[in-house]
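Notes follow the structure.
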Amino acid sequence: MNEKAISQYLSFILRHKPEEINLTLDREGWANVGELISKSQPVKNVDLDEEIIKDIVNNSDKKRFQISDDGKYIRAVQGHSTTSVDITLNKLVPPVSLYHGTAQRFINSIKEQGLISKDRQYVHLTENKDTALSVGARYGKPEILIIHALEMHKNGFEFFQAENGVWLVKHIPVKFIVFQ
Ligand code: HQG
């Protein structure tokens, strides 16, 4: 398994399905590294060791994962769907605009419902147009939506920022979205 595949495996376990390997995450999303290693081989045939995990955490382009100061725990910093996790996030005033990358085939539905979080806990937003483009391209022909974030905030919507800079919000009504 190469590092990309292991990174995807870690995202799956730490964001979505820890129960697949009988792993428990605490409310802040932390898993014990030793337990993650020992439980991955028998169930998923994934050979992990502390060094591979540290390499992946350090090399992750989006800084998806975090290791605790004592080195004993690991977590994904955003992207969760599992309801067992409820990370304490920084509530912040957002910039005037943020971007959301999506696929063209979702646009009609977004025009009706606004942006919803679907399986994840939050709608994910970025300050970086290129990131939005590559996020959208995962699902088809990419479209970048501009979000009037500060105006939303002034209207009472809460914005959070994950450790890796990704912005998170529960729902985005259509009137705050610019379709290009
Ligand atoms: C779309 C990646 C129809 C939404 C990224 C998206 C991110 C709607 C898809 C993180 C809709 C959900 C999250 C509506 C939203 N009707 N479609 N009303 N509202 N959608 O994967 O934001 O590389 O759950 O536009 O960088 O694509 O994995 O969310 O296309 O930070 O670390 O429904 O995942 O990070 O897809 O991606 P996702 P996302 P990683």
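The values are calculated or read from the model by the stated rules, or taken from the named source; none is laboratory data. These numbers were taken from a predicted model, which means no experiment stands behind them. Cβ placement follows ideal geometry from the backbone for every residue including glycine, while neighbour counts extend to all protein chains displayed. What goes into the accessible areas is simple: the full protein's heavy atoms, side chains included, and nothing from ligands, DNA or RNA. Shrake-Rupley method; radii C 1.70, N 1.55, O 1.52, S 1.80 Å.
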Counted residues, the stretch 1-55 - those being open to solvent by less than 80 Å² (accessible area, probe 1.4 Å) and at positive phi
1
Has the stretch 91-98 got at least one residue that is within 15 Å of the ligand (Cβ to nearest atom) and open to solvent by 20 Å² or more (accessible area, probe 1.4 Å)?
no
Can you find a residue in the stretch 109-116 that is within 13 Å of the ligand (Cβ to nearest atom), of a type in the set (Val, Ile, Thr) and closer than 19 Å to Gln78 by Cβ?
yes
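Residue-wise test of (1) within 20 Å of Val96 (Cβ to Cβ); (2) within 17 Å of the chain's Cα centre (by Cα).
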| residue | (1), (2) |
| --- | --- |
| Ile116 | no, yes |
| Val123 | yes, yes |
| Thr126 | yes, yes |
| Thr131 | yes, yes |
| Val135 | no, yes |
| Tyr139 | no, yes |
| Glu143 | no, no |
| Phe157 | yes, no |
Pairs only if they're at least six apart or on different chains, beta carbon under 7 angstrom, first in the stretch 13-42 and under 23 Å from Arg120 (Cα atoms), second of a type in the set (Asp, Glu) and crowded, with 20+ Cβ neighbours inside 10 Å; list them, first residue then second.
none
Inside the stretch 84-114, can you point out the residues that are among the hydrophobic types (A, V, I, L, M, F, W, C) and either in contact with a Pro (Cβ under 7 Å, 6 or more places away or on another chain) or over 17 Å from Glu127 (Cα atoms) (or both)?
Val85, Ile87, Leu89, Ala103, Phe106, Ile107, Ile110
Conditions (1) surrounded by fewer than 15 Cβ atoms within 10 Å (Cβ to Cβ); (2) basic (Lys, Arg); (3) near the ligand (Cβ under 9 Å from one of its atoms); (4) within 24 Å of Gln8 (Cα to Cα): number failed by Arg105:
(4)
If you take the residues in the stretch 117-142 that are assigned to a strand (DSSP E or B) and open to solvent by 40 Å² or more (accessible area, probe 1.4 Å), which one is farthest from the ligand (Cβ to nearest atom)?
Pro142
